[in-house]
Structure formats: C-alpha cells, structure tokens
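Structure, as structure tokens:
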Amino acid sequence: MQSVRNWAADQGYDYQFIGDELLAALPDDLKRKTASQPVVSSDLGRLIWLQQRLDEGAETVVWLDADTWIFNPAEFHLPAANAAIGRECWVQADGRRWRCYRKVHNAALMFRTGNSLLPFYRETAERLLRAHAGTRVVPQLIGPKLLTALHSACQLPVWEQAGVFSPAVIADLMRGGGAALQLLLKRGAPPAASNLCQSSVARGELQAETLSRLTQDAPAVRQRLSQAAAGTADTGFTDKRARTQDPA
C-alpha cells in the first residue's frame, strides 16, 4: 500500500484507504447474498464507491487493490481513455509446459467523468448477482470473469501498465529469470505496477516472506524485467538474509 500512497502523493492525487466501510453502500439484498463472500461483495462495493466519488464531483477516480505494488512509478501513468481496466497475464505450469492466460482484471480500475463503462458494469454485476440462484456464487463472477467476457465481446480499454504477477513469475523474479517470466514478457511490455495476488499466500502457493523480500527491492525488479525482456536475465536476487532460493 505504501507504494500506492507514494505514487499518489507524487502525482498530486488525493489518496484514501478503504476498509470494511466499502460494503456499507451495497443494496440490502446483495449485502445479505454476499455476506459470506467478501471477495464478491468487495468487487461490487468498489464500483458503487467509484460511482459515488464521480457523482460528488471527482473528475477521475482510480481503484487499486491493497496488494498492488507500484515498482516503477516513473512509468505508471493514467490511461488517456475515459475508462480502463487492468491487464492479467497469468503464467502457470501445464504439465511440462508453461501457459499464459491473457485476460483482464478489476484490481486496477480507472474511470473519468462521463464514462459509460462504470454504470453499465455496475448494473450488469448487480443483475448477475440477483439472477444467480442460491447463496454462493463463483468468487470471480463479477470481477475478472465478467470483465474478461465483456472485453472479449467489445474490447474494453485496458491499463496495460497495471499487471499481475503469478506465483511462478514472482519465483522467477526472485531468482533473476526463468521460463515463466520470459513467457509473461513475450505477451506484452513489462508492467509498471502489479497485483501480487495475496490470496496465493492463503492458498499456500506463495510465502508471505517471499512477497516481503520482493517488494523491498524495486530497482532489482525493474532490472530483472528489463534484462528478461532483452533476453539477458542474470541468475540471482539480492538477499542479505539467505543464500537459498525459494522453490519454483
């Protein structure tokens, strides 16, 4: 979160951290329906909050998840479009091969006054939740899944600098290079910020200490990305406390 605070301050933007109060504005029926699914309620709550800020007179509103890391702030700029969503290139092993699933995500959102995407996205999300039978829905239903479906149909504007690092990519960044990182960069230019998928820690796919070590050295990450993009990745990540590398 500190990297986002610093970036906002450098750009002269107002910054606000939002906790559970985000959920207060949900319609009562959807609040009850998503009460046991904080990911889903947060996905809707952010849309309502962003629209409220625009209605109050903000010219531009930006949402960045708490586990977003801006490691190259000099290259992290708001898109010129009147709305934009984040880019997801999720790299993971598929047997003996690496695969990159190129989608979009809602961990980074930007909307300007007069945009048509936010009202449509919010209305569609609420309609989907109400139409879904039962009390539980797929966690990403109104987040990445809905956005990716919309993007496939009508090519939404994408904030390419706001990416995602999968556990496999993070492991390669820690060791200085690797096939997962190379595949990510084959699918596009290096991002300037990334969602670090804190949920991967809860699932046991990533260690919290690994994320802590990674985010302590933004210059090294920028260098690793630059070297990997040029095909000249080195073989090590500076770590004053340990010489061993995390397993892939």
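Computed from the coordinates by the stated procedures, all read-outs in this text should not be read as laboratory data. None of the values given here were measured: they were computed from a predicted structure. Cβ sites come from the backbone with ideal geometry, for glycine too, and all protein chains shown count toward neighbours.
A few points about this structure:
- Scanning the chain for GluC sites (Glu not before Pro) that sit in a DSSP loop and have at most 10 other Cβ atoms within 10 Å, the longest stretch containing none of them is 60-248.
- Student exercise, region 111-174 dipole from Lys, Arg, Asp, Glu Cβ charges, in Debye to nearest 20: 300 debye
- Mean residue ellipticity at 222 nm, helices only, the chain: -12000 deg cm²/dmol; runs of at least 4 DSSP H residues each add -39,500 (n - 2.57), and the sum is divided by the number of residues.
- The charge dipole of region 63-160, taken about its Cα centre with unit charges on the Cβ of Lys, Arg, Asp and Glu (plus for the first two, minus for the last two), comes to roughly 400 debye.
- Here the chain is treated with +1 on each Lys and Arg Cβ and -1 on each Asp and Glu Cβ, and its dipole about the Cα centre works out to around 880 debye.
- Equivalent ellipsoid semi-axes - Cα gyration tensor, region 2-230, angstrom: 29, 21, 17
- Options GLY204, ALA179, PHE120, ranked by Cα towards positive dipole end of region 107-217, top entry (Cβ charges): PHE120
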